[in-house]
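Take a look at the structure below.
Read-outs: derived from the displayed coordinates by stated rules, not from any lab. In this text the structure is predicted, and so the values were computed from the model without any measurement. Every residue, glycine among them, receives a Cβ derived from its backbone with ideal geometry; neighbour counts consider all protein chains shown.
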Amino acid sequence: MGETIRFGVSIDDKLLESFDRLIDRKGYMNRSEAIRDLIRGALVELKWEGGEEETVGTVTLVYNHHVRDLSDKLTEQQHLHHGEIVSALHVHLDAHNCLEVLVVRGKAREVKRIADALIGVKGVKHGKLVMTTTGEELP
Ligand code: NI
């Protein structure tokens, strides 16, 4: 981290009002904290667009394990990517539904591809990839 610099921002008053409501809802301490977070988020997304960055993400899946072949297909996909899927959590939500959270590590492009393959398995009710970062590689 370098030194902290203050800078002024010109902004439309209506836009600032909306921004302040967002700050309130998201629980930021102040505008500076919110702006820093937004900048970091935009920089992380820019890096991921290249696809070559090493990253880590979680894939959340909800599915009904009674659906024919579904559990087998998901297990098969996970074994196919055993090098990248570093951890898996399984919760039996109720008599029918399962929740799985997988931690996937690798190049951003690869993590996205694995997530798409898992979420795309027919019968998966809900699936979402969240990519994250330690933030240390950011300036
Ligand atoms: Ni289960």
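What the table below lists for this structure:
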{"item": "Segment 72-99 and segment 1-62: distance between their alpha carbon centers, rounded to Å", "result": "32 Å"}
{"item": "Highest average packing first - 6-16, 124-134, Cβ atoms within 10 Å", "result": "124-134, 6-16"}
{"item": "Where a label projected 7 Å from the Cα of H82 along Cα→Cβ would reach, residues of segment 92-120 with amide N under 17 Å", "result": "103-105"}
{"item": "222 nm mean residue ellipticity, helices alone, for the chain (DSSP H n ≥ 4; -39,500 (n - 2.57); rounded to 500)", "result": "-13500 deg cm²/dmol"}
{"item": "Rounded to the nearest 20 debye, dipole of the chain from Cβ charges on Lys, Arg, Asp, Glu", "result": "300 debye"}
{"item": "Charge tally in the Cβ shell below 13 Å around E100, where Lys, Arg are +1 and Asp, Glu are -1, E100 excluded", "result": "+3"}
{"item": "Summed residue charge, Cβ within 12 Å of V59's Cβ, Lys/Arg positive, Asp/Glu negative", "result": "+1"}
{"item": "Bins of 10 Å from zero: percent of alpha-carbon pairs in the chain", "result": "10, 31, 24, 21, 11, 2"}
